[in-house]
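Worksheet: one structure, shown below.
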Amino acid sequence: MVVTSASATETVEAVFRIESARIIAGVARVVRDVGIAEELAQDALVAALEQWPESGVPEKPGAWLMATARHRAIDLVRRKETYARKLAEVGRALEDVAPPPEPTGEDDIDDDLLRLIFTACHPVLSTEARVALTLRLLGGLTTEEIARAFLAPEPTVAQRIVRAKRTLAKAGVPFEVPGAADRAARVSSVLEVIYLVFNEGYSATAGDDLVRPALCAEAVRLARVLAGLMPEEPEVHGLAALLDLQSSRFAARTGPDGEPVLLADQDRREWDRALILRGVESLRRAGHGPYSVQAAIAACHARAVRYEDTDWKAIAALYGRLAALTPSPVVELNRAVAVSMAEGPAAGLRLVDALAEGPALKDYHLLPSVRGDLLERLGRGHEARAEFERAASLTRNARERGLLLERAARSAPAAEPRAVEPRAPESPAPE
């Protein structure tokens, strides 16, 4: 079927967005370099843009792009002066373009996409580089989209991605899934990247919007892919459960104009029950690691039909477990909120005041925000006002700043108790 140039272009771009990660992964298995693999995938995209308006969209467009990219990869290997060495590495005959022999060891996992995930999230890269490269290679996001999502200059993000690919090549990072002995440590790096992507989308650190749903959706997708590829890893299911459960609240977390809605004020009828059910199901397959514990905390909120039904004692205990697994002032701050709801604001304030004495959270806007809430609940409105104003001065998110200034303005000595939403998931790692 011959199609118009415009419709063919739209089709190519849509298919490439969906299939790009698998194409890059399949080609990287041949050339053993994710940077070159991405270039070859882009070459296939250009070929499709040139040919499909004339020849029509093929019946299996994704397979067409994959085949085109792989053939170009084979041509590249042929031209290399080191072809004999490359031939031995990939274990394939020149005349046979079939994939290399599959891993046979019981600890091996055969999946090109999984190899790409472990490569993009390799610990040899900085956290920022891992996040950017993962969104680029696995999420199919453009450099402009990544820069916009993280409110970073586009040239900075572009340089970060280029340097990441060079670093992987220079370090000779193998395009493989690590064996069982090293997999646990490497999985933690992969999970951290997905978690950070979601966290930035769930509570944007800066800008005019409280949430960035596109980032969250990408993180949820990556978590589901990983859970499908590594079904025996409990903490992978823990992360998938956590992200589904947190995502279930999106519709209720902001008002009509994008303003934040606190947990106590959210209309729980707007929570996505399908996501909650899927999260709870994933939680059954989870383990006892930090993501699984955070998922259990999110499940406590999800099970409460009304805010008043929340099992704060269970949540406080779970935060205690999380603090034992990943000691962090941020986790302790969240635990203080839960303790204040389970035992009263005075008990929570004692924990917050202890945190305020240390330097770790001195510029963290949620510390004075939580302290202001507790003071307000204790009837100390004037002190609460000062804390809310300090919190507003520290946050870089315009929506949060507006909410905090509003709370400061209405603080009074006899203010009605109100609970701040525990900001989960928060990274347990010290900032």
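The values are calculated or read from the model by the stated rules, or taken from the named source; none is laboratory data. As the structure is a computational prediction, the values presented were derived from the model and not from experiment. No Cβ is skipped: glycine too gets one built from the backbone with ideal geometry, and neighbour counts run over all protein chains shown. SASA here: full protein model, heavy atoms, side chains in, ligands and nucleic acids out. Shrake-Rupley method; radii C 1.70, N 1.55, O 1.52, S 1.80 Å.
Got at least one residue in the stretch 235-242 being over 27 Å from Asp267 (Cα atoms), at pLDDT 90 or above and open to solvent by 20 Å² or more (accessible area, probe 1.4 Å)? Yes. The set of residues from the stretch 172-190 being assigned to a helix (DSSP H, G or I), among the hydrophobic types (A, V, I, L, M, F, W, C), surrounded by 15 or more Cβ atoms within 10 Å (Cβ to Cβ) and in contact (Cβ under 8 Å) with a residue 60 or more places away in the chain comprises just one member, Val190. Taking every residue in the stretch 299-310 that is free of Cβ contacts under 8 Å to residues at least 12 places away in the same chain and farther than 18 Å from Gly279 by Cβ and pairing it with any residue that is of a type in the set (Phe, Trp, Tyr) and in a helix (DSSP H, G or I), at least 6 positions away or on another chain, yields no pair with a Cβ-Cβ distance below 8 Å. Every condition in (1) among the small types (Gly, Ala, Ser); (2) within 29 Å of Arg163 (Cα to Cα); (3) at pLDDT 80 or above; (4) surrounded by fewer than 20 Cβ atoms within 10 Å (Cβ to Cβ) is met by Ala84 except one, and the failing one is (3).
For the stretch 303-327, a tally of residues being part of a helix (DSSP H, G or I) and under 18 Å from Ala241 (Cβ atoms) returns 8. What number of residues within the stretch 316-327 satisfy the criterion of being crowded, with 20+ Cβ neighbours inside 10 Å and without any contact (Cβ under 8 Å) to a residue 60 or more places away in the chain? Result for the stretch 316-327: 3. Checking the structure you have, find out if any residue of the stretch 202-215 is buried (at least 22 other Cβ atoms within 10 Å of the Cβ), modelled with pLDDT under 85 and in a helix (DSSP H, G or I). Yes, the stretch 202-215 contains at least one residue that is buried (at least 22 other Cβ atoms within 10 Å of the Cβ), modelled with pLDDT under 85 and in a helix (DSSP H, G or I). Only one of these is modelled with pLDDT under 85 and either assigned to a loop (DSSP other than H, G, I, E, B) or not aliphatic (A, V, I, L, M) (or both): Thr104, Thr119. Name it. Exactly one of Thr104, Thr119 is modelled with pLDDT under 85 and either assigned to a loop (DSSP other than H, G, I, E, B) or not aliphatic (A, V, I, L, M) (or both), namely Thr104.
Contact map, the stretch 238-249: residues that are over 10 Å from Leu277 (Cα atoms) paired with residues that are aliphatic (A, V, I, L, M) and part of a loop (DSSP other than H, G, I, E, B), Cβ distance under 9 Å, separation 6+ or inter-chain. Pairs shown: Gly238/Ala286; Leu239/Ala286; Ala240/Ala286; Leu242/Ala286; Leu242/Ala424; Gln246/Ala424.
Taking the criterion of being open to solvent by 30 Å² or more (accessible area, probe 1.4 Å), touching a helix residue (DSSP H, G or I) at 6+ places or on another chain (Cβ under 8 Å), in a helix (DSSP H, G or I) and not β-branched (Val, Ile, Thr), the residues of the stretch 31-60 that qualify are Asp43, Leu49.
Being assigned to a loop (DSSP other than H, G, I, E, B), over 17 Å from Gly238 (Cα atoms) and open to solvent by less than 60 Å² (accessible area, probe 1.4 Å) is a condition met by no residue of the stretch 284-301.
Is it fair to say Val220 is under 12 Å from the mean Cα position of the chain (by Cα), at pLDDT 85 or above and open to solvent by 10 Å² or more (accessible area, probe 1.4 Å)?
yes
Against the numbered list (1) under 19 Å from Gln246 (Cβ atoms); (2) in contact with a Ser or Thr (Cβ under 7 Å, 6 or more places away or on another chain), Ser292 comes up short only at (2). Considered as a group, the residues in the stretch 355-366 that are touching a Pro at 6+ places or on another chain (Cβ under 6 Å) and crowded, with 18+ Cβ neighbours inside 10 Å include one that is farthest from Lys313 (Cα to Cα), and that residue is Leu361. Do the conditions hold for Ala28, that is, is it of a type in the set (Gly, Ala, Ser), touching a residue at least 60 places away in the same chain (Cβ under 8 Å) and either open to solvent by less than 40 Å² (accessible area, probe 1.4 Å) or closer than 16 Å to Ser7 by Cα (or both)? Yes: the conditions hold for Ala28.
For the residues Leu318, Leu349, Leu277, Leu366, the requirement of being modelled with pLDDT of 95 or more, farther than 30 Å from Gly228 by Cα and not charged (D, E, K, R) singles out Leu349.
Can we say Ala169 is part of a helix (DSSP H, G or I), among the small types (Gly, Ala, Ser) and surrounded by fewer than 20 Cβ atoms within 10 Å (Cβ to Cβ)? For Ala169, the condition - part of a helix (DSSP H, G or I), among the small types (Gly, Ala, Ser) and surrounded by fewer than 20 Cβ atoms within 10 Å (Cβ to Cβ) - is met.
Matching residues to (1) open to solvent by less than 30 Å² (accessible area, probe 1.4 Å); (2) over 22 Å from Asp311 (Cβ atoms); (3) within 28 Å of the chain's Cα centre (by Cα):
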{"position": "Pro329", "(1), (2), (3)": "no, yes, yes"}
{"position": "Asn334", "(1), (2), (3)": "yes, no, yes"}
{"position": "Gly344", "(1), (2), (3)": "yes, no, no"}
{"position": "Leu349", "(1), (2), (3)": "yes, no, no"}
{"position": "Asp353", "(1), (2), (3)": "no, yes, no"}
{"position": "Ser369", "(1), (2), (3)": "yes, yes, yes"}
{"position": "Asp373", "(1), (2), (3)": "yes, no, no"}
{"position": "Leu378", "(1), (2), (3)": "no, yes, no"}
